1. Going by average Cβ density within 10 Å per residue, which order do the peptides 23-29, 2-8 take, highest to lowest?
2. Please tell me the relative contact order of the chain in percent, rounded to the nearest whole number, where contacts are Cα pairs under 8 Å and at least six residues apart.
3. At a probe radius of 1.4 Å, what is the per-residue accessible area of Glu138, in Å² to the nearest 10?
4. Would you mind working out the magnitude of the charge dipole of the chain relative to its Cα centre, with +1 at each Lys and Arg C-beta and -1 at each Asp and Glu C-beta, to the nearest 20 Debye?
5. Please work out whether region 4-72 counts as rounded, prolate or oblate from its C-alpha gyration tensor, where a ≥ b ≥ c are the square roots of the eigenvalues and a/c under 1.5 means rounded, while otherwise a/b larger than b/c means prolate and anything else oblate?
6. With every protein chain left in place, what is the accessible area per residue of region 61-103 in square angstrom, probe 1.4 Å?
7. Give the calculated FRET efficiency between Thr136 and Ser109 to the nearest 0.05, with a Förster radius of 25 Å applied to their Cβ-Cβ distance.
8. Only helical DSSP H runs with n ≥ 4 go in: add -39500 (n - 2.57) per run for the chain, normalise by residue count and round the 222 nm mean residue ellipticity to 500 deg cm²/dmol.
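The values are calculated or read from the model by the stated rules, or taken from the named source; none is laboratory data. Predicted model only: the values in this text are computed from it and were never measured. No Cβ is skipped: glycine too gets one built from the backbone with ideal geometry, and neighbour counts run over all protein chains shown. For the accessible areas, the whole protein counts, side chains as well, though only heavy atoms, and no ligand, DNA or RNA atoms are used. Shrake-Rupley method; radii C 1.70, N 1.55, O 1.52, S 1.80 Å.
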Amino acid sequence: GVGGGRFTANLRPMIGEHVRFSAYDLSEKQLLFFKEQYPDVYSKTSVGVLDLTKNCIPEAEKPDVVLASTVLMHIQRPEAYQRALNNLFQSGRKYIVLMDNWNAHDYFSDLNKLIHNRNLYIYDSGANIAIIINLTDEILDFPYQPLSIRAVLGKYIPGY
């Protein structure tokens, strides 16, 4: 769900030119919007149309890290959401970073059912919580914390 490309454009200077970026969206129009908004970043990014409810990122294109921000919350058909969550999980090699509206789905339970002995962590920015799905056997240290209770996801959400 690259949308207009804001995250990709903002991550590029922080991470560096040596990192290969790919961006996917359900809509060709969104990819064109990305191109209009950030033509320089777009030209250095591999882009493609991808429906996460149907497919994961192809094996040959799988990155080490996948960022999905406010994508799954929009999928309100339960079966399609479960397929998208599974495909997201299958799309990365090392880590999946998930930032979403934690009220949209029961991410805690759904991820614990899906990952089968994989490590779930959170990153607390001081303003929001991100879930880190560790697809490796590596133990992550601070600033990452194990995600062991659902309630932590609501830290910045009134009434969670």
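1. On the way: 23-29: 16.6, 2-8: 19.9.
My ranking of the peptides, most packed first, is 2-8, 23-29.
2. Working: 237 pairs, mean separation 26.6, N = 160.
Averaging sequence separation for qualifying contacts and normalising by length gives 17 percent for the chain.
3. About 90 Å², ignoring ligands and nucleic acids.
4. Numbers: 16 positive and 17 negative charges, 29 e Å.
Rounded to the nearest 20 debye, it is 140 debye.
5. oblate
6. Working: 2090 Å² over 43 residues.
About 49 Å² of surface per residue is accessible.
7. Working: r = 23 Å, r/R0 = 0.92.
After rounding, the FRET efficiency stands at 0.65.
8. Numbers: 5 runs with 46 residues, N = 160.
Only helices count here, giving -8000 deg cm²/dmol.
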